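First comes the structure, then the notes that go with it.
What follows is calculated from the coordinates using simple rules that are stated; it is not laboratory data. This structure is a prediction, so every number in the text was calculated from the model and none was measured. Every residue, glycine as well, gets a Cβ built from its backbone with ideal geometry; the counts of neighbours run over all protein chains shown.
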Amino acid sequence: MAAKETTAKAVREDNAPRYTLDELKAKAEQLFSVKEEVLAGAFYGSGQTVCSVEEAKAKINEFMKAKVE
């Protein structure tokens, strides 16, 4: 059952509209309640240039929860 849920989630994400990072940065405060610098930091070094809003939210949450060493 878990495999079906994972597959269904992957299908939904593949059908989601994808935006450039510049487009997402321009709307960062409205979409994610963060400054565009946070979005830039979350994607720094990833080489990723396009993603869905949900993917960006997940990446930002991961970035904000990372421990500083």
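At what distance in nm do the modelled label points of Leu31 and Val53 sit from each other, each positioned 7 Å from its Cα along Cα→Cβ?
Between Leu31 and Val53, the label points sit 0.8 nm apart.
Two-decimal Rg/Rh of region 17-65 from alpha-carbon positions, Kirkwood Rh?
Looking at region 17-65, the ratio lands at 0.90.
So what is the relative contact order for region 17-65, in percent, with contacts set as C-alpha pairs under 8 Å and at least six apart?
45 percent
Give me, ordered by chain and number, the residues 5 or more places off Tyr19 or on other chains with an amide H under 5 Å from its own placed amide H.
Distant-sequence amide H within range of Tyr19: Cys51, Ser52.
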